[in-house]
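Read-outs: derived from the displayed coordinates by stated rules, not from any lab. Please read all numbers here as calculations on a predicted model, not as lab measurements. Don't worry about glycine lacking a Cβ; one is built from the backbone with ideal geometry, like all the others, and counts go over all protein chains shown.
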Amino acid sequence: MKIIVAIKQVPTRDSPLHPAASGKWIEEADLSFEINEPDAYALEEALQLKEKHGGEVVVLCAGPERAAQTIREALAKGADRAIHIEIDALVSLDTLGVAKLLAAAVTPEKPDLILTGLQSDDLGAGQTGVVMAELLGLPHSTIIMHVEAREAGIRVKRELENGWFQHIEMPLPAVLAMQSGSNKLRYATLMGIKKAKSKEIRRVTSEELGGASAPVASIEKVYLPQKSKQTQIFEGDAKAAVAQLVEKLKFEARVI
């Protein structure tokens, strides 16, 4: 079974975020980066499927040169090889633009299964995997907790609301968006880190994949929430003041 796992490099969760001078995105100069958490669970699911049924796990990542660090981490955990779509301004693309690049890179690979994270920690749109499946003409499902290989395809476990789950059977090839917390994530071993240095990373440009399409949606402004202080003094006796305070908390602050 050949499995492609789409991963994304995002700022670490505890990074201090500041708007860039352009006002279109955050300032990335002093940030540290890591693999997107839902994508890490997609990678873990792929590695477990490979360990049970054999095959190959290929990591697919679109991003600037620094994304190679995250790709190497995925290879150190057990992925066999990687495809790096080199593009500096990934944030300038919308969901459709990113999905088109990923789909173009996936097509010649002819995988049996494509796994993505449910959503990214930076933008959180939760649409890339679904749009990519549509572009490839493949069946897809989201919020996946577990994948089980069957003779005629796969059986997946989907997380629903209020503790409910859904089990469905799907043909292959297919695209799945994995939910966080579906497995216990593994660490890269020292041997895995050494092996990763010799594993193949095929680099392609967006132009080689047909070029980035003009976005139909864009980020117009990134800014910090405005903070303000205001003091109100309630007149009257204690009972009247309490009544006014409760009304303010209930209908204006909406905290009770």
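Would you mind checking the pairs 50/197; 221/248; 24/184; 8/157 and listing those with alpha carbons more than 29 angstrom apart?
Exceeds cut-off: 221/248; 24/184.
For the residues 22, 120, 218, a GNM of the chain with alpha-carbon springs under 10 Å puts the largest fluctuation on 22. The convex hull of the Cα atoms of segment 2-205, projected and averaged over all directions, covers 11.9 nm². A Cβ-based charge dipole, computed about the Cα centre of the chain with Lys and Arg at +1 and Asp and Glu at -1, lands at about 520 debye.
Calculated mean residue ellipticity at 222 nm for the chain: -8500 deg cm²/dmol, from DSSP H runs with n ≥ 4 weighted as -39500 (n - 2.57), summed, divided by the residue count and rounded to 500. Compared with the alpha-carbon gap, the fully stretched path from residue 251 to residue 202 is longer by 11.9 nm at 0.36 nm per residue. With R₀ set to 35 Å, the beta-carbon distance separating residue 217 from residue 27 gives a calculated FRET efficiency near 0.95.
Counted over segment 29-140 with a bin width of 10 Å, the fraction of Cα pairs per bin, in whole percents, is 13, 48, 35, 4, 0.
When the label point is put 7 Å from the Cα of residue 2 along its Cα-to-beta-carbon vector, which residues of segment 206-222 have a backbone N closer than 18 Å? Counting backbone N atoms under 18 Å from the label point, the list is 209.
So if we plug the beta-carbon distance of residue 172 and residue 227 into 1/(1 + (r/R0)^6) with R0 = 41 Å, what FRET efficiency do we get, rounded to 0.05? Don't skip to the answer; put the middle values down first.
Values: r = 52 Å, r/R0 = 1.26.
My answer for the efficiency is 0.20.
Taking all Cα pairs closer than 8 Å and separated by 6 or more residues, the relative contact order of segment 2-205 comes to 26 percent. Considering only 92, 141, 228, the mean-square fluctuation computed in a Gaussian network model of the chain, springs between alpha carbons under 10 angstrom, is largest for 228. Counting only Cβ charges, +1 for Lys and Arg and -1 for Asp and Glu, the dipole size of segment 11-124 around its Cα centre is about 320 debye.
The residue list 54, 205, 120 was ranked by how far each Cα lies along the charge dipole of the chain toward its positive end, using unit charges on Cβ atoms, and 54 comes out on top.
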